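The values are calculated or read from the model by the stated rules, or taken from the named source; none is laboratory data. Note that this is a predicted model, so its numbers are computed, not measured. Counting neighbours? That spans all protein chains shown, and the Cβs are built from the backbone with ideal geometry, glycine included.
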Amino acid sequence: MVSDSPVPRIAVVGVGCFGRHHARILSALQGVKLEAVVDIDAARAAAVAAEVGTVPETDVAALDGRVDGVTVAVPTELHHTVALPLLQRGVSVLVEKPIARSVAEADELIAAAAASGAVLAVGHTERYNPAVTVALPLVRAPRFIEVHRLGTFPARSLDIDVVFDVMIHDLDIILTAVGSEVVTVEAVGVPVLTDRVDIANARLRFGSGCIANLTASRISRDRVRKLRFFQPDACISVDCVEQEVEGWRVTRMSGAEPAITGGKIDIPRGDSLTCELTDFIRAASGAGKSRVDGTDGRRALALAQRVAEAME
């Protein structure tokens with residue numbers, strides 16, 4: 001939906017731990033109006049609305065006719081329930097990852113967006129990390145990928161396991177970088193502090209021959225988010241926390257010994273969530289598609305489900 005409003009009107013549905021950040025950033029962005037925040041907890045909706053200077057609501061239906069776009073930050077089990085009616089009415093939606101509980105639900109969201117012409121974006125925030133944005137164009141025909149995404153025990157997202165909460169970021173990045181189908185998946189997961197998997201390792205083999213080894217944990221003492229891509233004559237290292245990229249390459253010249261060149265690459269630092277929300281607003285305003293759309297979200301979810309099944 002592209003309205004006649006001079007600026008796009010956006011609402012946030014679900015203002016818990018993460019949705020609160022959506023509201024904070026949207027309230028500060030130029031060229032957008034934060035129309036409302038919605039949460040079934042009336043006190044929480046009121047508190048966040050007061051913080052960011054907008055109107056609180058407790059029912060998504062109250063947004064009807066008032067918004068051009070909505071960001072959905074409710075628990076995963078409610079993504080489809082909340083997003084589908086909005087998309088059917090032509091309201092653009094940015095839904096947090098994972099896109100839905102199942103591929104079937106993701107397909108319904110994608111079909112609804114296509115039918116109404118609404119934008120469906122998915123909150124794979126790490127794809128907007130400036131380090132990842134710079135690194136991905138440097139990755140060409142990788143043969144081996146190593147990923148470590150480790151974090152401390154969270155106070156949120158305990159309704160899903162570490163594969164869908166944490167590893168799915170890297171599954172999305174790797175699928176984008178490799179551009180080939182996954183042919184085999186081996187995985188192991190351990191429920192340590194909850195009744196869901198808290199630490200997992202997956203080994204993926206792609207049709208191109210590339211192997212990816214991923215470790216994801218939400219029970220570590222340190223915060224680590226690193227990816228390394230190895231390809232013929234080159235290595236690209238990405239630190240998502242520090243927003244740093246190093247690129248190393250073997251230079252071969254006739255009559256001389258091969259030389260290793262490279263080092264740190266300049267990164268224009270920025271906040272990943274701000275970049276993601278800005279991209280969504282641009283797309284919802286009719287200025288092109290979202291960088292991470294429903295198809296991307298579905299693809300990452302499908303692979304995450306394969307990893308989860310391999311752990312059983």
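Descriptive notes on the structure:
- Test result for Val147, among the aliphatic types (A, V, I, L, M), touching a residue at least 24 places away in the same chain (Cβ under 8 Å), buried (at least 16 other Cβ atoms within 10 Å of the Cβ) and within 30 Å of Ala62 (Cβ to Cβ): no
- The condition of being of a type in the set (Ser, Thr, Tyr), touching a His at 6+ places or on another chain (Cβ under 8 Å) and surrounded by 14 or more Cβ atoms within 10 Å (Cβ to Cβ) holds for only one of Thr215, Thr176, that being Thr215.
- Checked against the criterion of being under 22 Å from Ala283 (Cβ atoms) and of a type in the set (Asp, Glu), the candidates Glu57, Glu51, Glu35 yield just one match: Glu35.
- Number of residues in the range 142-162 that are modelled with pLDDT of 95 or more and assigned to a loop (DSSP other than H, G, I, E, B): the value is 2.
- Matching residues, the range 170-208, being β-branched (Val, Ile, Thr) and touching a Cys at 6+ places or on another chain (Cβ under 8 Å): Val178
- Selection from the range 245-297 of residues that are farther than 17 Å from Val95 by Cβ and of a type in the set (Gly, Ala, Ser): Gly247, Ser254, Gly255, Ala256, Ala259, Gly262, Gly263, Gly270, Ser285, Gly286, Ala287, Gly288
- Selected residue (criterion: surrounded by the most Cβ atoms within 10 Å (Cβ to Cβ)) from residues of the range 81-98 that are without any contact (Cβ under 8 Å) to a residue 60 or more places away in the chain and closer than 12 Å to Leu120 by Cβ: Ala83
- Selection from the range 284-312 of residues that are farther than 25 Å from Val166 by Cα and crowded, with 20+ Cβ neighbours inside 10 Å: Ala284
- If you filter the range 250-274 down to residues that are touching a Ser or Thr at 6+ places or on another chain (Cβ under 8 Å) and surrounded by 15 or more Cβ atoms within 10 Å (Cβ to Cβ), you find that the one that is nearest to Ala106 (Cα to Cα) is Leu273.
- Unmet requirement for Glu35, which otherwise passes all of (1) touching a Lys or Arg at 6+ places or on another chain (Cβ under 8 Å); (2) crowded, with 23+ Cβ neighbours inside 10 Å; (3) assigned to a strand (DSSP E or B); (4) not basic (Lys, Arg): (2)
- The residue of the range 218-241 that is surrounded by the fewest Cβ atoms within 10 Å (Cβ to Cβ), among those that are touching a helix residue (DSSP H, G or I) at 6+ places or on another chain (Cβ under 8 Å) and at pLDDT 95 or above, is Asp239.
- Which numbered condition Ala43 fails, given (1) at pLDDT 95 or above; (2) among the hydrophobic types (A, V, I, L, M, F, W, C); (3) closer than 15 Å to Asp68 by Cα: (3)
- Check on Ile173, more than 28 Å from Val134 (Cβ to Cβ), among the hydrophobic types (A, V, I, L, M, F, W, C) and either in a loop (DSSP other than H, G, I, E, B) or at pLDDT 95 or above (or both): no
- The conditions of being in contact with a Ser or Thr (Cβ under 7 Å, 6 or more places away or on another chain), within 29 Å of Val307 (Cβ to Cβ) and not in a helix (DSSP H, G or I) are met by Leu94.
- Flag if Ala46 is free of Cβ contacts under 8 Å to residues at least 12 places away in the same chain and of a type outside the set (Phe, Trp, Tyr): yes
- Segments classed as strands (runs of 3 or more DSSP E), wholly inside the range 177-269, with at least 1 members that are touching a strand residue (DSSP E or B) at 6+ places or on another chain (Cβ under 6 Å), within 26 Å of Asp161 (Cα to Cα) and polar (S, T, N, Q): 182-190, 199-206, 211-217
- Selected residue (only one of Leu78, Leu109, Leu87 is under 16 Å from Ile281 (Cα atoms), aliphatic (A, V, I, L, M), part of a helix (DSSP H, G or I) and at pLDDT 95 or above): Leu87
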